[in-house]
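To start, the structure under review is shown below, and the notes come after it.
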Amino acid sequence: MEQNVKNKKDKEKFYVTTPIYYPNAKPHIGTTYTTVAADILARWNKLLRKDVFFLTGTDEHGQKLALAAEKSGMKPKDYVDSLVTEFKNAWKKFNIVFDGFIRTTDKSHEECVKKVIKKLYEKGDLYEAKYKGPYCIHCESYWTEKDLVEGKCPSCNRPVTEFEEDAYFFRLSKYQDALLKFYDENPFFVLPKTRMNEIKARVKEGLKDVSFTRKKFKWGVEFPIDSSYVLWVWPDALTNYVSALGCFESNKFKKYWPADVHLIGKDILWFHAVIWPAMLMSIGVDLPKTIFAHGWWTVEGEKMSKSKGNVIDPLEIAEKYGVDSIRYFLFREAPFGDDGDISIKRIIERHNTELVNKLGNLVLRVTALAEKYGIEQNENKLIEKLKFDEIKEKFDNYELDKALALIFDFIDTCNLYVQENELWKTRDKKKLYELCDSIKAIAILLWPFMPETSEKIARVLGFEIKSIDQIQKPLKLNKIKKSEILFRKIG
Ligand code: MSP
């Protein structure tokens, strides 16, 4: 027993986060993508037997939400309360299993944020001055006139609001050299590498102090230094990664911090790779290990937008084509880190050719033959063709599309094995065993991507998916049941 406790304590940890989402926009392809990605990484690390903490949540303060609440004729808190369940339900539908769900209106979060601000102030890193310039309410971002593209927000292309107000500024400029030094010493701090280079170049151009407060509305954490201000939504939101662990003094914080990876979209990299690390440096807390910025999805080559009427609703397509089919598509279609393009045509193509014809067909054929003719234990030579070390490396480097492609190469190898050995004629029980044992490995490796399908496969093979080590352990001889049809052809 004591041994067990010790082992649990010694387990390596893995802390993965998604951004916290503004709840006024329903869960969409973009937010679903990041959250499924975090689920994939969490599941992969669970297979590696790590002690995983996966955090997601909602970002509930700020002017954008205050205005949206007003439009709905609701108080901001009632408004956000009414939206959060929709996020939780969407993630459940996608079989996303998180360990923490933070809401920035949680009292414990607000207390933690105030602690951070007080520490920044005590450090001398907050000072009062006048702010004047453009602000994008949609992105909740301050810009300079120079940043604007044709007078509009360079990130979302919406009109900006000009304003002038008293503010407390954070001395971001003070951290320029320390940040550049840190980037040089930690080349994997921002991934993919191209993003690291972009950030470095921008920081080298010079950092300006940034206003950390807002004055004209009240929907935010009260600024603890001066109650005539509310805190700007970004330092409030970024602190979620720490507050969700119970803030600095908690055991959870001691166990899981620093985060192993903050998964984000490329549009919010500046906040995560520059402002957040500078805040942590100021208060003397370790920086996260990696910030991974993924690309953006377009729909048939165009930016998704309500006005264009081309928004793809993830829940609708999951209902239509199956959750695993969508999870699969998102991580097969585009290299993780690059932009990608969605079309229903491509989803159906991948579903029919890869999931129905390759994976589904392999499992169905082999389990049907194994049920009919039985299997006989044998050394599995076929599995030597599985590029396990490479797959592991791809997962660890966040090359999720490449890991998936390698697993599917092995599915092709297995289908070829059935074909070349004409197993429906030869009824070779030993070869059928090799195939069942190989499908066991496929089910384990696909579990992060397609948990429901993998668990169905595991059930017909008579095992439960727990750890990557099960791949090396030969499948126990038991009666194999013919699998149900895993994927039905569309169209
Ligand atoms: N609340 C902030 C994040 C605070 S984190 C401390 C926020 N919220 S958001 O609701 O706007 O979430 C946006 C997330 O969805 C970002 O990571 C963004 O990159 C992602 N996406 C939004 N549209 C997207 C696509 N079309 N494609 C891929 N991801 C995109 O920002």
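The values are calculated or read from the model by the stated rules, or taken from the named source; none is laboratory data. Because the structure is a prediction, the values reported are computed rather than measured. As a convention, Cβ positions derive from the backbone with ideal geometry for all residues, glycine included, and neighbour counts pool all protein chains shown. With ligands, DNA and RNA removed, areas are computed over all heavy atoms of the protein, side chains included. Shrake-Rupley method; radii C 1.70, N 1.55, O 1.52, S 1.80 Å.
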_Taking a ≥ b ≥ c as the square roots of the Cα gyration tensor eigenvalues, with a/c under 1.5 meaning rounded and otherwise prolate when a/b beats b/c, else oblate, which class fits region 37-160?_
prolate
*Compute the normalised compactness of region 1-105: alpha-carbon radius of gyration over 2.2 N^0.38 Å, N being the residue count.*
1.32
*asked:* I need the trypsin sites (Lys or Arg not before Pro) found in region 415-491, filtered to DSSP loop residues with at most 13 other beta carbons within 10 Å of theirs.
replied: 427, 466, 476, 479, 488, 489
*Show me 393-405, 26-38 ranked by packing, highest mean number of other Cβ atoms within 10 Å first.*
26-38, 393-405
*Tell me, what HN-Hα J-couplings in whole Hz come from the Karplus equation 6.51 cos²θ - 1.76 cosθ + 1.60 at θ = phi - 60° for each residue of region 135-145, using x for Gly and Pro?*
9, 9, 5, 4, 8, 6, 10, 7, 10, 9, 4
*How high is the relative contact order of the chain, given as a whole-number percent (alpha carbon pairs under 8 Å, six or more residues apart)?*
15 percent
_I'd like to check one number: the per residue accessible area of the chain, probe 1.4 Å, reported in Å² as a whole number._
45 Å²
_So the label point goes 7 Å from the Cα of residue 11 along Cα→C-beta, right? Which residues of region 92-110 then have their backbone N under 20 Å from it?_
96-101
*May I ask for the Rg/Rh ratio of the chain, computed from Cα atoms with Rh as the Kirkwood radius, given to two decimals?*
1.02
*Which cross-chain or sequence-distant (5 or more) residues have an amide H under 5 Å from the amide H of residue 336, H modelled 1.01 Å from N in plane?*
400, 401, 402
*Please identify the GluC sites (Glu not before Pro) of region 122-205 that satisfy two criteria: DSSP loop assignment and at most 13 other Cβ atoms within 10 Å. Which are they?*
150, 205
*Using the Kyte-Doolittle scale, find the helices of the chain whose mean hydropathy is at least -0.5 and whose Cα atoms extend 20 Å or more along the helix's long axis, counting only whole DSSP H runs.*
29-47, 400-420, 429-446
*For region 94-172, what does the equivalent ellipsoid look like in terms of its semi-axes, each the square root of 5 times an eigenvalue of the Cα gyration tensor, given largest first in whole Å?*
28, 23, 10
*Extension gain from residue 285 to residue 174, taking 0.36 nm per residue of separation minus the Cα-Cα distance*: 38.3 nm
_Suppose R0 equals 35 Å. What FRET efficiency, 1/(1 + (r/R0)^6) with r the Cβ-Cβ distance, do residue 123 and residue 251 give to the nearest 0.05?_
0.85
*asked:* Order 355-368, 166-179 from most to least packed using the mean count of other Cβ atoms within 10 Å.
replied: 355-368, 166-179
*Residue farthest toward the positive end of the dipole of the chain, with Cβ of Lys/Arg at +1 and Asp/Glu at -1: which of 84, 356, 151?*
356
*Given the C-alpha centroids of region 345-383 and region 246-304, what is the distance between them in whole angstrom?*
39 Å
*Would you mind checking the pairs 13/252; 392/466; 181/252; 26/308; 50/473; 26/115 and listing those with alpha carbons more than 21 angstrom apart?*
181/252; 26/115
_Helix-only mean residue ellipticity at 222 nm for the chain, each DSSP H run of n ≥ 4 adding -39500 (n - 2.57), per residue, nearest 500_ = -13500 deg cm²/dmol
*Looking at the square roots a ≥ b ≥ c of the eigenvalues of the Cα gyration tensor of region 304-423, which shape do they give, rounded for a/c under 1.5, prolate if a/b is larger than b/c, or oblate?*
oblate
*Furthest towards positive pole of dipole, 463, 373, 334, structure part the chain, Cβ charges*: 373
_Taking 0.36 nm per residue of sequence separation and subtracting the Cα-Cα distance, how much length would be gained by fully extending the chain between residue 372 and residue 421, in nm to one decimal?_
15.9 nm
*Working out 0.36 nm times the residue gap between residue 147 and residue 267, then minus their Cα-Cα distance, what length gain in nm do you get to one decimal?*
41.8 nm
*asked:* How large a share of the accessible area of region 395-491, in percent, is made up of carbon and sulfur atoms when the probe is 1.4 Å and the other protein chains stay in place?
replied: 48 percent
_Which listed pairs, of 118/215; 387/456; 123/208; 46/107; 92/266, have C-alpha distances above 21 Å, in listed order_ = 387/456; 46/107; 92/266
*If we count every other residue with Cβ under 11 angstrom of residue 216's Cβ, Lys/Arg +1 and Asp/Glu -1, where does the sum land?*
0
*At q = 0.17, 0.28, 0.30 Å⁻¹, base-10 log of I(q)/I(0) for region 276-321 (Debye sum, equal scatterers on each alpha carbon)*: -0.67, -1.06, -1.09
*For region 405-491, what does the alpha-carbon gyration tensor say about shape, rounded, prolate or oblate, given a ≥ b ≥ c as the root eigenvalues, a/c under 1.5 as rounded, and a/b over b/c as prolate?*
rounded
